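Structure first, commentary second.
The values are calculated or read from the model by the stated rules, or taken from the named source; none is laboratory data. What you are looking at is a predicted structure, and each value in this text was computed from that prediction instead of being measured. Counting neighbours? That spans all protein chains shown, and the Cβs are built from the backbone with ideal geometry, glycine included. Keep in mind that these areas ignore ligands, DNA and RNA; they rest on the heavy atoms of the full protein, side chains included. Shrake-Rupley method; radii C 1.70, N 1.55, O 1.52, S 1.80 Å.
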Amino acid sequence: MNTIKTTCPYCGVGCGIEATVEDRATHRVSIKGDSNHPANFGRLCSKGATLGDTVSLENRLLSPSIQGQRVDWESALDHVAERFKTIIAQHGPEAVAFYVSGQLLTEDYYVANKLMKGFIGTANIDTNSRLCMSSAVVGYKRAFGADTVPCNYEDLEQAELILLVGSNAAWCHPIAFQRIRKAKENNPNLKIVVIDPRATASCDIADLHLPVKPGMDALLFNGILAYLQQNNRIDQTYIDTHTEGFAAALHEAVKAAGSIEQVAAACGLPSEAVATLFDWFASTEKTVTVYSQGINQSSSGSDKCNAIINCHLASGRIGKPGMGPFSFTGQPNAMGGREVGGLANTLAAHMDLENPEHVDRVGRFWGSDKVADKQGLKAVAMFDAIAAGQIKAVWIMATNPVVSMPDADKVKRALQQCELVVVSDCIANTDTAKLAHVLLPATGWSEKDGTVTNLERRISRQRPLFPASGEAKHDWWIISQVAQRMGFSDAFNYQSSADIFREHAALSAFENDAEHQLRDFNLSAFALLDRSGYDALQPVQWPVTNVQSAGAARMFTDGQYYTSNRKARFIPITPRPPVNAPDNDYPFTLNTGRLRDQWHTMTRTSLAAKLNAHRPEPFVEIHPADAERLGLATRSLTQIESRWGSMLARVEINPGQQIGSLFVPMHWTDQISSHGRMGAVVNPVVDPHSGQPESKQTPVKINAWPARWYATILSRRSLQFAGVEYQVSVRGDHYFRYELASTDPGQDWRAWSRSLLAAVEHRDEDSCWLEYSDQQAGHYRTAYLPDHELQACLLVGPDCELPEPGWLGSLFAKKQLSRAERLSLLSGLPPKGEADIGRIVCSCFNVGEKTIRHAVQAQQLQSVADISACLSAGSGCGSCVAELKEFLPKPS
Ligand code: SF4
C-alpha cells in the first residue's frame, strides 16, 4: 500500500494528511493526520478525517460537453477558445470574465490570472475568496503596504490573550481552535475573549464573551485605541519609529469611542465587560487578535480590519512571538490566490494593477504588452455586469456562485441569459453547472497535483492519490490549452504543475530588491526548483529566499513594512453601521455562516454520511423570546424573507442568539434542498474598498410556513419527488433520507408510497408492507420490506413531531429485520432494550445525543473527560466538546 503526504482541501488551516491508497480501482483510501505537518501535527477535524468517503466517482463530472452533448476535449477546447476570441473581437476584452475559486491550486490560479490579466488584457477575473477575506487584504495592504499575514499558529500558543473577533474558529477552523484550547489547558494565564453577536461553540473556552451589536466591531476597537492612549499603554517608541498617522487615527477613534460608557452603549454591551476587555488588552503584551468572516463580510469590513490593526500598531504588538493581528482565511488556497493575484484588484506576486512599474515589470516577465492596468469587476459587480449584458462570456472554475453569492437568484438569472457560460468543475450536478453551455471536467482533490498556502503563509503540496478519473484534466492544463488556441502558445506551453510553480516563484523574485522596491512575497529559493525538488517540497512559510531558505515564521520582526518609507500606516476609522438596517417590514438581522461538519456548498462533504448526521437540514437559529412571540416551535418550518429573496428552514431555538437576530448556515443548494439557498436572501451590499459582500447583516422577516403535512422517507435507493414544495435529501449510511413538507393537502398516502417506494411487481403484495393509518389525525406510516429486508419507509404527520430517524436509519445496515424490529418499525422507536442513539453529536465516533444523555444520567458523568472516557465522544477531532458540555449537569 502506498502512503502519500498531501493536504486537506477544506478550510484555511491547511492540515497535512497521510493518505494510504488501499484500492486504486475503487478509490478506497484511508486518511489520517500527518504527524509531521506543522499545521496540525497529526490532528484532523471531522471533515478532513472523512475525506476518504468523498473520493468516489459519484456525481463526478467525467467528460466535456457542449449544450448537454458529450464532445471530445479537442472540440470543447476549440469551442471555448473560439467563442472567447469572437466575443473579444466584437465587444472588447471587458466583455469576458473568469470567476475562480480558493479551491484551485496555486498553479491553476496562476495560469488563469496570467491568461486574463496578461494576455486577454482585462482584470475581469475575480474569485469566491472575494466573499471570504478580501476585506482582510485591504486592511493589511493599507496598513503594511502589502498583503502580509504577520502571525503563525505558534503565536496562538505563546499568547496570553487571544481575541476571537467574528470568528467561530471552533467550527470553521477546528484544528487551529484545538491548538488554542490546548494552549489554554497548558497555560492557565491565557485569556480568551470571543467578540461575536452569537454565543458560538468557540465561547466554550472563553473567559469573556462580548455579544456585540451586529456591525459595531470597528467602534469597539476604536475604543481600545482611545483607552490605550488615555491610560499610557501605547508604545510611543514603536509608533515614532515604525509607523505614521497615529494622531489622525486616534482623533477619529476618540470621537465616538472615547469612553467605556460610550462604547458600551453603542455596542449594546455591559460597561463592565467592555472595561474588562480594555483592561486585558492594555495590560497583556502577548495579545493575538484573530478575525475572520464576521469582520470581513461587512460593508465596512476593511475599516474593521484596520481598526484592529491600529490597536496592534499603537501597542507595538506585532512581529514578536505571541502577538499580532491574525486574519483567518476560510478557504484552503485563498492565500495562494492572493499570491498569484486572483482578485480583480491585484496583479500577480503581490504587485498592483494601478502601479505602472508593476504592470511594466509583469509585462516584461510574461512577454506581453497587454497586461491589464486597471482593476476589473469584483464578484458582485461582475455578476451585475453579466445581468446587464455587458459581460457576454464567463468561465466559472471550481465554484458555485448560484448558491454562495449574495442576491443569488439574480446571479442565477444573470447566468441564464448570458451568451456563454463555461463551467469547469469536478462535480457534475451543481446549481451553477446546470446553467453551463460548456462543461469541462476537472480533476478532484484526490487527483490534483500542486501547491496550496494556508492561513499562516505556509505552502504545502497537494499530491495525487489516484490518476485523473474519466476524461478529467487539471485546471491549469485546461486553461493553458484554451490560451494556446487563443494564440498565446509560447506563454502557456506548460508541461506540468512544477513548470508553473517555478515560473510563479521566479516572478515573485523578479526585480524584488531594494533597488526596485522590496516586496513581501518572494519565493526566490524555488525559482530554479526541478521536478524532484517540487515533488519533495516540504511545508514552508513564505518568503523563502536564497538567503532565508527555511522560510519566515513571523513577519515585521524588524519593524520594517512594505510602504515606500517602510513605515506602517494607521488608518483613521469612522465606524459605520450595516448599510441596510432592520425596519418594520424586515425587523430581524440575518447572520450567515458555516457548520462544523459541512464545507461550502456541500458538493463533496454531503457524500459522507457521517458528516450529514450532525445537522441534516437547513435551519434557522432564533432566540427563545422571538420564537415564543412568533409562535415558532422547534423543528417547525419557517419562511425567511428579505427584499432580495426567500428560503425555508427548520426552527432551532437557541438562547445564544440575540433577540432580533437570526442565523442560517450557508451550505444548502437546490440540488439537495428545494428552498435552502441562503444566498437568495442575502443583500448584495459590498464594502466600498474590498467589494466584499455584507453577508452577515441582511434585514429579514420570519414567519411560520403553513405546512399541512410533514413526511420523512428513508429509502435504500435514491428517489425523486415531483411537485413537493419542501424537500431535502440527506445521504445516510446504506440509505437516502428525505424530509418533505407541503402547504398542499395530503394525498392518498397508500397509493403514493406504493408507487414511489416499491418495485412494480411488489406494489400490491401486501406481505411486503407494514402499514398504519389514522386519517382523521393525519398520520400515515408504512414500510416496504420484502423478505424482511427494509427497503424503504414513510412517516407522515400533520406537524413536525415525527420521530428522529436515527434508529430507522440503522436498520438499513441489516440484511433482515427481527420480529421485534418489525413490530417497532412504524413507531420509529427501537424495541425495548435496544438503544436509539438520536441525533449525532460526535461525528468521529458516531455518538448520538440520546446515548450521551443516557450515559450522563446512568453513570453520573461530570465532565467532558468522563464522557470521552465512557463513550469516546469528544476524543477525536474535539469539535463537539462544546456541545457535549450541554449534556452535563448544570452547577447548582
Ligand atoms: S481544520 Fe479540518 S477542514 Fe480545516 S484543514 Fe484541518 S482537517 Fe481540513
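A few comments on the model shown:
- The single residue among D360, D384, D373, D369 that is under 29 Å from the mean Cα position of the chain (by Cα) and modelled with pLDDT of 95 or more turns out to be D384.
- In the range 313-393, counting only helices (runs of 4 or more DSSP H) that sit wholly within it, the ones holding 1 or more residues that are open to solvent by 10 Å² or more (accessible area, probe 1.4 Å) and either aromatic (F, W, Y) or in contact with a strand residue (DSSP E or B) (Cβ under 7 Å, 6 or more places away or on another chain) (or both) span 356-366, 379-387.
- Selection count where residues are over 17 Å from C844 (Cβ atoms) and either modelled with pLDDT under 95 or near the ligand (Cβ under 9 Å from one of its atoms) (or both), scope the range 30-48: 1
- Sole exception among (1) in contact with a Cys (Cβ under 8 Å, 6 or more places away or on another chain); (2) over 21 Å from G691 (Cβ atoms) for I391, by number: (2)
- If the condition is being open to solvent by less than 10 Å² (accessible area, probe 1.4 Å) and either within 12 Å of C877 (Cα to Cα) or more than 10 Å from the ligand (Cβ to nearest atom) (or both), then the range 167-178 contributes S167, A170, H173, P174, I175, A176, F177.
- Test: residue in the range 690-699 that is of a type in the set (D, E, K, R), in a strand (DSSP E or B), crowded, with 20+ Cβ neighbours inside 10 Å and modelled with pLDDT of 95 or more: no
- Any chance Y110 is within 30 Å of F492 (Cα to Cα) and in contact with a His (Cβ under 7 Å, 6 or more places away or on another chain): yes
- Search result, residues across the range 49-69 that are part of a strand (DSSP E or B), of a type outside the set (A, V, I, L, M) and either open to solvent by less than 50 Å² (accessible area, probe 1.4 Å) or in contact with an Asp or Glu (Cβ under 6 Å, 6 or more places away or on another chain) (or both): R60, S65
- Out of A249, A264, A226, A253, sole residue that is part of a helix (DSSP H, G or I), in contact with a Pro (Cβ under 6 Å, 6 or more places away or on another chain) and open to solvent by less than 10 Å² (accessible area, probe 1.4 Å): A249
- Within the range 738-781, tally of residues that are outside any loop (DSSP other than H, G, I, E, B), among the polar types (S, T, N, Q) and under 39 Å from the mean Cα position of the chain (by Cα): 2
- Within the range 7-29, being touching an Asp or Glu at 6+ places or on another chain (Cβ under 7 Å), within 16 Å of the ligand (Cβ to nearest atom) and open to solvent by 10 Å² or more (accessible area, probe 1.4 Å) holds for E18, V29.
- Selection from the range 842-869 of residues that are open to solvent by 50 Å² or more (accessible area, probe 1.4 Å) and either touching a residue at least 60 places away in the same chain (Cβ under 8 Å) or not in a loop (DSSP other than H, G, I, E, B) (or both): N846, K850, R853, H854, Q857, A858, A865, D866, A869
- When residues in the range 607-635 are screened for being more than 15 Å from the ligand (Cβ to nearest atom), over 18 Å from the mean Cα position of the chain (by Cα) and over 24 Å from M216 (Cα atoms), 11 of them pass.
- Enumeration of residues in the range 49-66 that are away from the ligand (no atom under 15 Å from the Cβ), touching a Gly at 6+ places or on another chain (Cβ under 9 Å) and not polar (S, T, N, Q): L57, R60, L61, L62
- Check on D235, of a type outside the set (S, T, N, Q) and over 30 Å from F588 (Cα atoms): yes
- Residue in the range 585-606 that is away from the ligand (no atom under 15 Å from the Cβ), assigned to a loop (DSSP other than H, G, I, E, B), farther than 28 Å from L740 by Cβ and free of Cβ contacts under 8 Å to residues at least 40 places away in the same chain present: no
- Residue match in the range 834-841 (condition: within 36 Å of the chain's Cα centre (by Cα), crowded, with 19+ Cβ neighbours inside 10 Å, within 25 Å of R615 (Cβ to Cβ) and touching a residue at least 60 places away in the same chain (Cβ under 8 Å)): yes
- For S827, the conditions (1) surrounded by fewer than 19 Cβ atoms within 10 Å (Cβ to Cβ); (2) outside any loop (DSSP other than H, G, I, E, B) are fulfilled apart from (2).
- In the set (1) away from the ligand (no atom under 14 Å from the Cβ); (2) outside any helix (DSSP H, G or I); (3) surrounded by 15 or more Cβ atoms within 10 Å (Cβ to Cβ), the condition left unmet by L77 is number (2).
- Residues that are among the charged types (D, E, K, R), surrounded by fewer than 17 Cβ atoms within 10 Å (Cβ to Cβ) and either in contact with a helix residue (DSSP H, G or I) (Cβ under 6 Å, 6 or more places away or on another chain) or without any contact (Cβ under 8 Å) to a residue 24 or more places away in the chain (or both), drawn from the range 810-824: R819
- Residues (outside any helix (DSSP H, G or I), farther than 16 Å from Q657 by Cβ and touching a residue at least 40 places away in the same chain (Cβ under 8 Å)) located in the range 196-214: A206, L208
- Exactly one residue among A123, A136 is open to solvent by less than 10 Å² (accessible area, probe 1.4 Å), part of a helix (DSSP H, G or I) and not polar (S, T, N, Q), and that residue is A136.
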